[in-house]
Amino acid sequence: MIDRCHFLASLGAASIQPGPSKRPNIVFVFSDDHAYQAISAYSGGRLNHTPNIDRIARQGMRFDQCLVTNSICGPSRAVILTGKYSHLNGFIDNSTSRFDGAQQTFPKLLRAAGYQTAIFGKWHLVTEPTGFDAWEILPGQGNYYNPDFITPAGRKRREGYCTGVITDLSLDWLQNGRDPSKPFMLMCQHKAPHRNWMPAPDKLYLYDGVTFPEPDTLFDNYEHRASPAHKQLMEIGKDMTLASDLKIHPPLGPNDKAPVAEYNRMTEAQRRMWDAAYRPRNEAFFKANPQGRELTRWKYQRYMQDYLRCIASVDDSVGRLQRYLDATGQAENTIFIYCSDQGFYLGEHGWFDKRWIYEESIRTPLIVHWPGLTRPGSTNKDLVSNVDLAETFLDAAGVPIPGDMQGRSLKPILSGQTPPDWRKSFYYHYYEFPGPHSVARHCGVRTGRYTLAHYYQSDEWELFDRQKDPRELRSVYADPAYAPVVKELKAEMARLRAELKVPGTDPRKM
Ligand code: SGN
Ligand code: CA
């Protein structure tokens, strides 16, 4: 059966399908800041269980080396839409960029080829979406409770919890909003589990009493690394805020007012449930009054509880979409993808957030079930990327891939056949400095074994040998034994920069 599927798949979608209605549908569930460490298909359940996301992995392929080109929200989304690096699609950072919606994107190409296209949820590209038959997006980062949406008909506030509301909009479009004679491509894009990690009313007590294992680098001192690792502002201990991030604000008494805008958006009933959950915990916190390392440990635990509660709702969303496709007989003709805009720190190196070329940041979860193509339960360690998704989707639909896209279709890999000339090195570039969390601009190259980073504003370099140092704790850039590796990787970086048309100077003002 598998062989026959591979054979049919190798003929290409257009030649094996009798008509356009048989072209596969695509459901792309995309979350914001979902660390692979918090998906049980990746972690084995060390922190949490995500049964519905795991089902995609059981049926399809889990990618263990999916790397983002620029580890931050808007840029990742622009890369996915265009199949081009930030310096070519023009959206290089969250603070200064606006997406040019007139440019070529994969949804536009799918739509022109007869697909129905829709996006619901977080967009974060400043300008309005183009190339979609239907869309409703959160303004900017959006809100967890009773979020506003920008829609083609103006702004609307929708009561409920963000993850559920975005799933409702997606299901409603699948059921009632689209032309059923056409194949569809749906992007269901969650705000969760983005900072400040506010759980849904039905998850407020999940993980109560659970103590999560601490990463062994929670108290990293950043020795043996260049200055940017010392200067960042993303430490749980000193940068995570008690009020907003950790919900340690009052109300402890009847007249206390919460300083958090999100809290003020809640309905009376929501606020009552929220307070009932957090008030006794906060009272216990004030009573215990942890300090120093104990405070960091306490913060880590509350961070994990709230972050993982948000993820539990995302997993529910995946399950609802899966059940709908199953119940309507569409699952067998629908490619189902789960992905996040980048990786995220869950206390490793003492951090939250992302932005770095380092592992927990550059690696994003990617799990794909392509019925008839992916071998159930398969895993892959090739260097794949968010820049490959546009071409993969076009390939799935039998749409010609434009020559100016910079990734490569994952279809052969998904069929179990990695092309012999698949990339062995990957170019990375982060631009948002100055900016939130103060991570210096850097570019670099990552291979299966090494990570070379250049903080070009201060002209500092790092090299990590991840085979010997998987936690990236000691740069061996200055170690003479690694001089040949440094030379080779610098040459590789120059080659990649030329191939990818990276301009000599940073497009952001220095
Ligand atoms: C906000 C967050 C940051 C986060 C950025 C970008 N601060 O500024 O912690 O790094 O978004 O995130 S917050 O206090 O407003 O939550 S991204 O995922 O959109 O790139
Ligand atoms: Ca993000």
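The values are calculated or read from the model by the stated rules, or taken from the named source; none is laboratory data. Everything quoted here is computed from the prediction, not taken from an experiment. All Cβ positions, even for glycine, are placed from backbone atoms using ideal geometry, and neighbour counts span all protein chains on display.
Please enumerate the residues belonging to the stretch 340-375 that are outside any loop (DSSP other than H, G, I, E, B) and more than 14 Å from ligand 2 (Cβ to nearest atom). Show your work before the answer.
First, the residues of the stretch 340-375 that are outside any loop (DSSP other than H, G, I, E, B): 340, 348-351, 359-363, 366-369.
Correct list: 348, 349, 350, 351, 359, 366, 367, 368, 369.
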| Can you find a residue in the stretch 87-99 that is touching a helix residue (DSSP H, G or I) at 6+ places or on another chain (Cβ under 8 Å), among the aliphatic types (A, V, I, L, M), within 16 Å of ligand 1 (Cβ to nearest atom) and assigned by TED's automatic domain parsing to the domain that holds residue 401? | yes
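Could you say whether any residue in the stretch 323-337 is within 16 Å of ligand 1 (Cβ to nearest atom) and in contact (Cβ under 8 Å) with a residue 60 or more places away in the chain?
Initial filter on the stretch 323-337 (within 16 Å of ligand 1 (Cβ to nearest atom)): none.
Scanning the stretch 323-337 turns up no residue that is within 16 Å of ligand 1 (Cβ to nearest atom) and in contact (Cβ under 8 Å) with a residue 60 or more places away in the chain.
For the stretch 66-96, which residues satisfy the criterion of being of a type in the set (Ser, Thr, Tyr) and crowded, with 22+ Cβ neighbours inside 10 Å? Can you show your working first?
Pass one, the stretch 66-96, residues of a type in the set (Ser, Thr, Tyr): 69, 71, 76, 82, 85-86, 95-96.
Answer for the stretch 66-96, where residues must be of a type in the set (Ser, Thr, Tyr) and crowded, with 22+ Cβ neighbours inside 10 Å: 69, 71, 76, 82, 85, 86.
Sort through 385, 378 and tell me the only one that's modelled with pLDDT of 95 or more, surrounded by fewer than 24 Cβ atoms within 10 Å (Cβ to Cβ) and more than 14 Å from ligand 1 (Cβ to nearest atom). Show your work before the answer.
Numbers: 385 fails: surrounded by fewer than 24 Cβ atoms within 10 Å (Cβ to Cβ).
The unique qualifying residue is 378.
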| Options 69, 50, 82: the member that is of a type outside the set (D, E, K, R), within 16 Å of ligand 1 (Cβ to nearest atom) and within 20 Å of residue 189 (Cα to Cα) | 69
| remark: Of those in the stretch 100-124 that are among the basic types (Lys, Arg) and over 17 Å from residue 364 (Cβ atoms), the residue nearest to ligand 1 (Cβ to nearest atom) is 108
| query | Any idea which of (1) surrounded by fewer than 17 Cβ atoms within 10 Å (Cβ to Cβ); (2) of a type in the set (Ser, Thr, Tyr); (3) closer than 28 Å to residue 32 by Cα is the one residue 392 doesn't satisfy? | reply | (1)
| request: Could you tell me whether any residue of the stretch 46-60 is at pLDDT below 95 and either closer than 23 Å to residue 351 by Cβ or of a type in the set (Lys, Arg) (or both)? | output: no
| query | So, in the stretch 429-453, of the ones that are more than 23 Å from residue 73 (Cβ to Cβ) and not hydrophobic (A, V, I, L, M, F, W, C), which residue ends up surrounded by the most Cβ atoms within 10 Å (Cβ to Cβ)? | reply | 450
| message | Looking at 458, 378 in this structure, which one is within 30 Å of residue 44 (Cα to Cα) and of a type in the set (S, T, N, Q)? | response | 378
| When you go through (1) in contact with a Phe, Trp or Tyr (Cβ under 8 Å, 6 or more places away or on another chain); (2) closer than 19 Å to residue 195 by Cβ one by one for residue 94, which number turns out not to apply? | (1)
| message | Against the definition (more than 17 Å from the chain's Cα centre (by Cα) and within 16 Å of ligand 1 (Cβ to nearest atom)), how does residue 353 come out, yes or no? | response | no
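Here's the yes/no breakdown for (1) farther than 26 Å from residue 163 by Cα; (2) among the hydrophobic types (A, V, I, L, M, F, W, C); (3) more than 14 Å from ligand 2 (Cβ to nearest atom); (4) touching a Ser or Thr at 6+ places or on another chain (Cβ under 7 Å):
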site	(1), (2), (3), (4)
74	no, no, no, yes
96	yes, no, yes, no
100	yes, no, yes, no
106	no, yes, yes, no
118	no, yes, yes, no
| query | Does residue 270 satisfy being touching a residue at least 60 places away in the same chain (Cβ under 8 Å), part of a loop (DSSP other than H, G, I, E, B) and more than 16 Å from residue 243 (Cβ to Cβ)? | reply | no
